[in-house]
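To start, the structure under review is shown below, and the notes come after it.
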Amino acid sequence: MPQHILVVDDEAAIADLVEVYLTNEGFDVHKFAAAAPALEYIKGRSSDLALLDVMLPDMDGFALCQKIREEHLFPIIMLTARVEDMDKITGLTLGADDYITKPFNPLELVARVKTQLRRYTRYNQQFQPEPEEFDFRGLQISRATHKCQLYGRELALTPLEFSILWYLCEKRGQVVSSEELFEAVWGEKYLDSNNTVMSHIARLREKMGEPSRRPKFVKTVWGVGYTIE
């Protein structure tokens, strides 16, 4: 899915140039020549980064940056022909993430955009809260209460069985190898001859009332591992 870049600059030639280079890199570019329509656009819409000119006809870029920061955390890069240090400090103080002076090399601008997007993505992944509960297709499992229900019936799971099911739910849609599952749940090095995971999966399926050949939840991917779809 392409990332959306907001470009606010009243110099059409510069806005068009930025659009060409960013579009060639696979970004969706949304151009505005003034602050008001840009603010109206981002209401209820998701943007991944904004490029803001400082000199705009209806509001300076610093004020626009401040307005955006009231509700949005995506990266903001300021574009300006002014090179004074105080302008740079002002922009960064009001919430901008980077500052590029005009004239600029379009390739450098693209590189700066990609750098800010990478930082923002890594930050969000690092601080994304871990789920406390999974609820899908009749299966409910809560880490806070350490309880699991299937179609409203509580399952009497051992701590190891609960941990196995929780880990598979965390990795839902992915195939988890026996080695990964063992080392994540037991915290020990896995040995090739270790059948512990297989036996615990079998008991877990039994408690869930799952047929071993065609289970609905914990499925075996032969030669690879286990998955919950």
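The values are calculated or read from the model by the stated rules, or taken from the named source; none is laboratory data. Being a predicted model, the structure only gives us computed values, none of them experimental. Glycine gets a Cβ as well: all are built from the backbone with ideal geometry, and neighbour counts include every protein chain shown. Side chains are part of the model used for accessible areas, which takes the heavy atoms of the whole protein and leaves out ligands, DNA and RNA. Shrake-Rupley method; radii C 1.70, N 1.55, O 1.52, S 1.80 Å.
Can you tell me which condition Phe127 does not meet? The list is (1) at pLDDT 85 or above; (2) under 23 Å from the mean Cα position of the chain (by Cα); (3) of a type in the set (Phe, Trp, Tyr); (4) farther than 19 Å from Glu229 by Cβ, and all the others hold.
(1)
Taking segment 142-157 as the search range and keeping residues that are polar (S, T, N, Q) and open to solvent by less than 80 Å² (accessible area, probe 1.4 Å), which one is farthest from Arg203 (Cα to Cα)?
The extreme case among them is Ser142.
Looking at (1) at positive phi; (2) at pLDDT 85 or above, which is the only condition Ser199 fails?
Condition (1) is where Ser199 drops out.
Any idea which of (1) modelled with pLDDT under 85; (2) open to solvent by 70 Å² or more (accessible area, probe 1.4 Å); (3) in a loop (DSSP other than H, G, I, E, B) is the one Leu92 doesn't satisfy?
(3)
Here is a yes/no grid of residues against (1) crowded, with 23+ Cβ neighbours inside 10 Å; (2) modelled with pLDDT under 90:
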residue	(1), (2)
Pro37	no, no
Leu49	yes, no
Leu52	yes, no
Leu56	no, no
His72	no, yes
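So in segment 177-229, with the set limited to residues that are of a type in the set (Lys, Arg) and surrounded by 11 or more Cβ atoms within 10 Å (Cβ to Cβ), which one is nearest to Leu155 (Cα to Cα)?
Lys207
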